[in-house]
Amino acid sequence: MWSNIVYVIDTSYSMGEKYNDLTPRKIDATRDVLAYTATKLVDAKALVRIGITVFFSRAYPLIGLTRDREIITRSINRLRVLGEGSAPGDGLIEAVKMLRRGGGTKKAIIVTDGGFNEGVPLDIAALYAANSNVVVDVVVLGDFLSERDQRLVEFTVKICNGELFRVANKAELIRTLYRSSSSFPENP
């Protein structure tokens, strides 16, 4: 049975800033770690497929579910800051649409630094994900979540049987993304 993961990546302006050793910018560190994690995962697990969506004030699918290492690497290497606003709910909805077509286990991993201010509210998108049997983990870069964003993220991981991770540096990001990517839900 396929294990499907869609990475939901924040590409808002705030991801263009430096934080601790996530250099030169958060988006660059995310891109480097994601490239490492995704290719290692595809190489290690025969029945894993990876997809990517990106979000700022809007959300777009970057690649559909695939095992093609070249497509995954090329797409990740093109990740960059795309604009202002942050719509993680829209990004999650795009991920769920992709996962619903995939069959097998379904997981979305949101990587963000917070500042949610656009699109479908994350808690509404989380209901859609939960009703579609998608496990959702959230990886927060830094400690800048507002109280509102914190509540939305906590609700999302609770209702979607996921985990919330906070990372402060690149080593933590590597461990966290690989751990989250390597643990698959039990039931499709």
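Summary of computed values
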| item | result |
| --- | --- |
| Inter-site label distance for N169 and N133 at 7 Å from Cα along Cβ, in nm | 4.1 |
| Prolate/oblate/rounded label for the range 7-64 (Cα gyration tensor, a/c 1.5) | oblate |
| Global geometry of the range 143-188, whether rounded, prolate or oblate, following the gyration tensor of its Cα atoms and the 1.5 cut on a/c | oblate |
| Spatially proximal aspartates and glutamates relative to K45 (Cα-Cα < 15 Å; intrachain offsets below 8 disregarded) | D68 |
| Full-stretch length increase - R80, R179 - with 0.36 nm per residue and alpha-carbon distance subtracted | 33.3 nm |
| Loop-located trypsin sites (Lys or Arg not before Pro) in the range 72-153 whose Cβ has at most 12 other Cβ within 10 Å (DSSP) | R78, R101 |
| Within the chain, longest stretch clear of exposed GluC sites (Glu not before Pro) (DSSP loop, no more than 13 other Cβ within 10 Å) | 85-185 |
| D68-T39 pseudo-label distance in nm [points 7 Å out on the Cα-to-Cβ vector] | 1.7 |
| Within straight-line cross-link reach of K158, lysines at Cα separation under 20 Å, skipping those fewer than 8 residues along the same chain | K106, K107 |
| Under 24 Å from K18, Cα to Cα: lysines that are on another chain or at least 8 residues apart | K26, K170 |
| Cα gyration tensor shape of the range 34-94, rounded if a/c is under 1.5, else prolate or oblate by comparing a/b with b/c | prolate |
| Answer label, with Cα extents along the principal axes in Å calculated from the coordinates and candidates (i) 65, 35, 31; (ii) 38, 32, 25; (iii) 51, 43, 28 | (ii) |
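Throughout, read-outs are computed from the coordinates displayed, never taken from laboratory work. Fair warning: this is a prediction, and the values are worked out from it, not measured in the lab. Neighbour counts are summed over all protein chains in view; Cβ atoms, including those assigned to glycine, are modelled from backbone coordinates with ideal geometry.
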